[in-house]
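Report on the following structure.
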Amino acid sequence: MNALAATNRNFRLASRLLGLDSKIEKSLLIPFREIKVECSIPKDDGSLATYVGFRIQHDNSRGPMKGGIRYHPEVEPDEVNALAQLMTWKTAVANLPYGGAKGGIGCDPSELSASELERLTRVFTQKIHDLIGVHIDVPAPDMGTGPQTMAWILDEYSKFHGHSPAVVTGKPIDLGGSLGRDAATGRGVLFATEALLNEYGKSVSGQRFIIQGFGNVGSWAAQLIYEKGGKIVAVSDITGAIKNSNGLDIPSLLRYTKENRGIKGFHGGDSIDPKSILVEDCDVLVPAALGGVINRENANEIKAKFIVEAANHPTDPDADEILKKKGVVILPDIYANSGGVTVSYFEWVQNIQGFMWNEEKVNKELKTYMTKGFKDVKEMCQTHNCDLRMGAFTLAVNRVARATVLRGWEA
């Protein structure tokens, strides 16, 4: 089942639990606006290249739309639609005053020079500048984009609308980016894990963790869990996987990956098959890479007692059912990885106020939001007698449906 089908399925189950009528259900599923634009640029060699840029704006009943811009050669419309919808539910679970959006350009950024990427970003911004904005739609970085991309969008947008630092988040610190943004998703994963384990009378300290994916989210989660006394027994990335049942030395591993661009060859653990990492013995499994990695093929083999979804949609619905029967507790992605968008919200707030926070305040506020989010999800689980995924979905769908009805949009 692809990401869109799975998201729609979860939405429909939540809507049934809430007893929503079909009119509202339909209006919540249909995107607010789908934008497709042609972006033509002169390449460095003088030839002309044309790319397709797009933005799917899913819902704005609770506030401006929010979501990443990705540069990737295979931009699957269904996946982008699912991710835009997922952002609506994610911001609602975290109780941020946003709706969801997602977009990007169908290109391979590794094949473009820095000046070509800049021209492409500026042309894309020129085409959509009147459809995004501080109180309309606030983009952020995603796959293949980063702070520099956001800086170009900010500059191009400001040519039309005056200096507007709050039009994008994930900016460089020097242009109004927030301290703590880089670690935010990983730190949010730590706070979510602490809230979950606390519910079962446990703490991070002494638990055995496996982290699948060692990019920004996985490496920050590993570092912060390690600092809290968690024992990380296995880690994988695109170069390979390593295991050490006594616990990996994470500071050494972080230094090694920085120098060698991957964990392959690290001597502090034994090399294992990356495919087997999900079924190694541990207490808490943290998938922090791609979607669909936990499926009906491997779900029966999983030994973890808890799964914390740091990636988007890592567990497919078939695996969900199998794991539920096994008694595995899954902390869903729309709550577990919402630390990133929460600190993006803090960045937007700081930009609008023109008053920047120190890192301590950012982290403190993030912990408050993540802790409250878990409490809200648990309350929905008790009300509707459901698991954490449905608890998070009913919480989100209920908040968006209420805003839609209050604004008189349900007809």
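The values are calculated or read from the model by the stated rules, or taken from the named source; none is laboratory data. Computed from a prediction, not measured in an experiment: that's the story for all the values here. Here the Cβ positions follow ideal geometry from the backbone for every residue, glycine too, while neighbour counts run over all protein chains shown. Note: accessible area is taken over every heavy atom of the protein model, side chains too, but ligands, DNA and RNA are not part of it. Shrake-Rupley method; radii C 1.70, N 1.55, O 1.52, S 1.80 Å.
Evaluate the following for residue 316: is it open to solvent by less than 30 Å² (accessible area, probe 1.4 Å) and modelled with pLDDT under 90?
Yes, satisfied.
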Practice item. Show the residue pairs that are 6+ apart or on different chains and have beta-carbon atoms under 7 Å apart, the first residue being within region 345-366 and not assigned by the TED database to the domain that holds residue 187, the second being part of a helix (DSSP H, G or I) and among the β-branched types (Val, Ile, Thr). Key: 346/362; 362/343; 366/342; 366/343
Review point. Any residue at all in region 347-359 that is in a strand (DSSP E or B) and β-branched (Val, Ile, Thr)?
Key: no
Revision key, fill the gap. Result of the Cβ filter at 6 Å on region 77-96, keeping first residues that are over 17 Å from residue 380 (Cβ atoms) and partners that are aliphatic (A, V, I, L, M) and part of a helix (DSSP H, G or I), at least 6 apart or interchain, is 78/4; 79/3; 81/4; 82/3; 82/4
**Study point:** Among the candidates 248, 253, residue that is in the same structural domain as residue 196 (by the TED database) and in a helix (DSSP H, G or I)
**Key:** 253
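Let's see how each residue does on (1) modelled with pLDDT of 95 or more; (2) on the phi > 0 side of the Ramachandran plot; (3) open to solvent by 30 Å² or more (accessible area, probe 1.4 Å):
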position: 215; (1), (2), (3): no, no, yes
position: 221; (1), (2), (3): yes, no, no
position: 226; (1), (2), (3): yes, no, yes
position: 240; (1), (2), (3): no, yes, no
position: 245; (1), (2), (3): no, no, yes
position: 257; (1), (2), (3): no, no, no
Exercise for review: Would you tally the residues in region 72-95 being touching a Phe, Trp or Tyr at 6+ places or on another chain (Cβ under 8 Å), open to solvent by 10 Å² or more (accessible area, probe 1.4 Å) and farther than 30 Å from residue 368 by Cβ?
Suggested key: 2
Review point. When you look at residue 376, is it farther than 30 Å from residue 244 by Cβ, among the charged types (D, E, K, R) and open to solvent by less than 20 Å² (accessible area, probe 1.4 Å), yes or no?
Key: yes
Point to revise | Residue identified as free of Cβ contacts under 8 Å to residues at least 40 places away in the same chain and out of contact with any Pro (no Cβ under 7 Å at 6 or more places or on another chain) among 318, 249 | key: 249
Check your understanding: Where in region 135-240 are there strands (runs of 3 or more DSSP E), lying wholly inside it, with at least 3 residues that are over 27 Å from residue 83 (Cα atoms)?
Key -> 231-237
**Study point:** Given (1) outside any helix (DSSP H, G or I); (2) open to solvent by 90 Å² or more (accessible area, probe 1.4 Å); (3) of a type outside the set (Gly, Ala, Ser), index of the condition residue 410 fails
**Key:** (2)
Point to revise | Condition met for residue 292 (at positive phi, surrounded by fewer than 24 Cβ atoms within 10 Å (Cβ to Cβ) and at pLDDT 90 or above) | key: no
Study note, to complete from the structure: Filtering region 154-184 down to residues that are open to solvent by 30 Å² or more (accessible area, probe 1.4 Å) and of a type in the set (Asp, Glu) yields 155, 174, 182
Review point. So, in region 56-74, of the ones that are over 17 Å from the mean Cα position of the chain (by Cα) and more than 23 Å from residue 408 (Cβ to Cβ), which residue ends up modelled with the lowest pLDDT?
Key: 74
Revision key, fill the gap. Residues of region 72-86 being within 20 Å of residue 138 (Cα to Cα) and of a type in the set (D, E, K, R), in sequence order, are 79
Review point. Name the residues in region 127-153 that are without any contact (Cβ under 8 Å) to a residue 60 or more places away in the chain, open to solvent by less than 30 Å² (accessible area, probe 1.4 Å) and out of contact with any helix residue (DSSP H, G or I) (no Cβ under 6 Å at 6 or more places or on another chain), would you?
Key: 146, 150
Check your understanding: Taking region 348-362 on its own, how many of its residues are crowded, with 18+ Cβ neighbours inside 10 Å and closer than 16 Å to residue 94 by Cα?
Key -> 2
Study note, to complete from the structure: (1) assigned to a strand (DSSP E or B); (2) under 16 Å from the mean Cα position of the chain (by Cα) all hold for residue 271 apart from (2)
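In region 363-373, how many are among the charged types (D, E, K, R) and loosely packed, with under 15 Cβ neighbours inside 10 Å?
Taking region 363-373 first, the residues among the charged types (D, E, K, R) are 364-365, 367, 372.
Retained after the next criterion (residues that are loosely packed, with under 15 Cβ neighbours inside 10 Å): 364, 372.
Total meeting the criteria: 2.
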Check your understanding: Given the conditions (1) modelled with pLDDT under 95; (2) within 20 Å of residue 157 (Cα to Cα), which single one is not true for residue 114?
Key -> (1)
**Study point:** Residue match in region 27-39 (condition: at pLDDT below 95, open to solvent by less than 40 Å² (accessible area, probe 1.4 Å) and assigned to a loop (DSSP other than H, G, I, E, B))
**Key:** yes
